[in-house]
Amino acid sequence: MQTFEFIRARDSAGAIRAAATTTTAQQGADVRFVAGGTTLIDLMKLNVETPAKLVDINRLPLATVEATPDGGLKIGATVRNSDLAYHPRVQKDYAVLSQAILSGASAQLRNMATTAGNLLQRTRCVYFRDTAMPCNKREPGTGCPAITGANRMLAILGTSESCIATNPSDMCVALSALEATVHVQGPKGARPVPIGEFHLLPGSTPQRETVLEPGDLITHVTLPPPIAGSKQLYLKLRDRTSYEFALASAAVVLTISGGKVTRARVALGGVGTKPWRSPEAEASLVGQAAEGTSFRKAAEAALRDARPQSENGFKIELAKRCLAHALQTAAMS
Ligand SMILES: Cc1cc2nc3c(=O)[nH]c(=O)nc-3n(C[C@H](O)[C@H](O)[C@H](O)COP(=O)(O)OP(=O)(O)OC[C@H]3O[C@@H](n4cnc5c(N)ncnc54)[C@H](O)[C@@H]3O)c2cc1C
Ligand code: SF4
């Protein structure tokens with residue numbers, strides 16, 4: 001690991017000023033905020049991230065979960081994943097979020113990991129994490145060995161010729177189904193970013209993963225008021241039942257009345273280059289009977305544009321079954 005300067009931010013303005021001096025907020029940034037450190041320090045040990053300066057944001061007053069005036073929820077950037085998952089309001093009104101967080105990593109990691117850090121966790125693509133290998137995301141223009149190499153864990157939705165890396169977050173899949181908003185404060189002021197617009201598709205610039213600019217600090221995330229009577233579920237399929245990333249996952253928020261689906265929010269994990277909301281599945285569900293045939297049709301719609309790589313074709317059927325099963329289980333709950 002390279003040597004670096006470590007400074008403790010006393011206020012948000014100071015943290016933003018320090019990070020605004022860098023030329024990018026993405027891969028290669030020479031100033032980085034550090035929160036739980038469970039992504040960043042890992043990648044620094046591997047020399048994948050080599051910032052000259054770390055700005056510790058753990059003492060900023062961003063660690064609270066509060067009700068918003070409209071009945072929603074405001075989640076501070078440094079709220080630990082465990083605290084969020086076990087928060088009574090989250091368990092009662094946003095169960096899909098609690099379930100998604102608890103399906104990820106390990107208890108120790110969740111005790112350190114923060115809301116903002118989870119939003120910005122990096123792909124687990126093996127080539128990205130190995131500096132001996134080329135990788136367009138780590139070093140733009142060097143190529144993507146995953147396309148002809150080890151791609152079993154990688155994406156089938158939203159891929160490009162430059163990168164097929166999966167977004168590994170569970171939490172973000174639930175936030176997508178809950179239509180969360182990410183609040184950012186930067187050198188030019190504060191702005192809200194809908195979660196669906198926060199992460200970028202790789203296209204020809206896979207090194208750029210989000211809309212963040214140099215100096216941008218995530219301050220909090222808001223959730224809209226809960227949908228009364230909604231049925232929520234997060235289902236994660238993986239190679240082993242703990243401490244493992246998703247092969248496919250589904251977050252569903254369903255409202256059912258008179259045996260028919262009246263509202264549906266659906267997002268997939270483990271299969272997309274970003275947390276994958278599926279408007280196609282949602283449209284296919286609304287007005288249909290809350291039963292297996294409708295759920296399978298929605299799953300077909302969600303995966304219609306999937307493009308398998310050499311080793312991950314199995315994910316298409318796996319993701320369909322995952323979503324159909326999540327919908328069925330939620331409907332019966
Ligand atoms: C072994 C292992 C297994 C895991 N398994 C899973 C899993 O199954 N599912 C899953 O979803 N995740 C999993 N994770 C990932 C884990 O959830 C993330 O590492 C964690 O959420 C990152 O949060 P952090 O606070 O530690 O981030 P940090 O490492 O502190 O930061 C991550 C990035 O976010 C930036 N950052 C942090 N806070 C802010 C802010 N407020 N504003 C702007 N930028 C900021 C940092 O500069 C850095 O670039 C796993 C991690 C490990 C190590
Ligand atoms: S899939 Fe993306 S992260 Fe993985 S090697 Fe290709 S460019 Fe790098």
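The values are calculated or read from the model by the stated rules, or taken from the named source; none is laboratory data. All figures in this text were calculated on a predicted structure; none of them were measured in a lab. Glycine gets a Cβ as well: all are built from the backbone with ideal geometry, and neighbour counts include every protein chain shown. When the accessible area is computed, the model is the full protein with side chains, heavy atoms only, and any ligands, DNA or RNA have been set aside. Shrake-Rupley method; radii C 1.70, N 1.55, O 1.52, S 1.80 Å.
Averaging 1/r over each pair of different alpha-carbon atoms in the chain and inverting the result gives 20.1 Å, the Kirkwood hydrodynamic radius.
Translational diffusion coefficient, Stokes-Einstein: compute it for segment 253-333 using the Kirkwood radius over C-alpha pairs as Rh, at 37 °C and 0.692 mPa s, and state it as an integer in µm² s⁻¹. Display every interim value, and only then the final one.
Numbers: Rh = 12.7 Å.
Roughly 258 µm²/s, to the nearest whole number.
So which residue, out of ALA18, ALA165, ALA177, gets the largest mean-square fluctuation from a GNM of the chain using Cα contacts under 10 Å as springs? The residue that fluctuates most here is ALA18.
Across every pair of non-identical alpha carbons in segment 108-257, the mean reciprocal distance, once inverted, gives a Kirkwood radius of 17.1 Å.
Listed by chain and number, the aspartates and glutamates placed with their C-alpha closer than 18 angstrom to that of LYS297 are GLU280, GLU282, ASP305, GLU317; residues fewer than eight positions away on the same chain are left out.
In this model, which of LYS92/LYS315; LYS53/LYS188; LYS137/LYS236; LYS137/LYS188; LYS53/LYS236; LYS137/LYS231 are farther than 29 Å apart at the alpha-carbon? Kindly include the intermediate steps, with their values, before the conclusion.
Values: LYS92/LYS315 32 Å; LYS53/LYS188 22 Å; LYS137/LYS236 26 Å; LYS137/LYS188 27 Å; LYS53/LYS236 36 Å; LYS137/LYS231 38 Å.
Among LYS92/LYS315; LYS53/LYS188; LYS137/LYS236; LYS137/LYS188; LYS53/LYS236; LYS137/LYS231, the Cα-Cα distance tops 29 Å for LYS92/LYS315; LYS53/LYS236; LYS137/LYS231.
For segment 39-113, the residue among VAL79, LEU109, VAL65 whose Cα projects farthest onto the positive side of the dipole built from Cβ charges is LEU109.
Under 13 Å of direct C-alpha separation, and excluding same-chain neighbours fewer than eight residues apart, LYS45 reaches these aspartates and glutamates: ASP130.
Can you give the net charge of the other residues whose Cβ lies under 12 Å from the Cβ of ARG277, counting K and R as +1 and D and E as -1?
Working: positive: ARG265, LYS274; negative: GLU179, GLU197, GLU280, GLU282.
Cβ neighbours under 12 Å give a net charge of -2.
With the chain treated as a Gaussian network of Cα nodes joined by springs under 10 Å, which of LYS320, LYS236, LYS92 yields the largest mean-square fluctuation? Taking springs between Cα atoms under 10 Å, the residue moving most is LYS92.
Please give the solvent-accessible surface of ARG129 in Å², to the nearest 10, using a probe radius of 1.4 Å with every protein chain present. About 50 Å², ignoring ligands and nucleic acids.
With Kirkwood's inverse mean 1/r over C-alpha pairs for Rh, give me the Rg to Rh ratio of segment 1-92, two decimals please. Before the final figure, lay out each step's value.
Details: Rg = 15.5 Å, Rh = 14.7 Å.
Dividing the radius of gyration by the Kirkwood radius yields 1.05.
Loop-located GluC sites (Glu not before Pro) in segment 240-333 (DSSP state other than H, G, I, E, B) with a sparse environment of at most 16 neighbouring Cβ atoms within 10 Å: GLU244, GLU291, GLU311.
Simple rule: put +1 on each Lys or Arg Cβ and -1 on each Asp or Glu Cβ in the chain, find the dipole, and look at ALA289, ILE227, VAL271; the Cα lying farthest toward the positive end is ALA289. Which of the listed residues, THR142, VAL211, ALA302, is farthest toward the dipole's positive end in the chain, when Lys, Arg count +1 and Asp, Glu count -1 at the beta-carbon? Comparing the listed Cα positions along the dipole, ALA302 ranks first.
Ranking of HIS183, HIS325 by solvent-accessible surface, largest first: HIS325, HIS183 (1.4 Å probe, protein heavy atoms only, all chains present). In plain terms, the chain from LEU109 to PHE314 could stretch by 70.9 nm, reckoned as 0.36 nm per residue minus the Cα-Cα distance.
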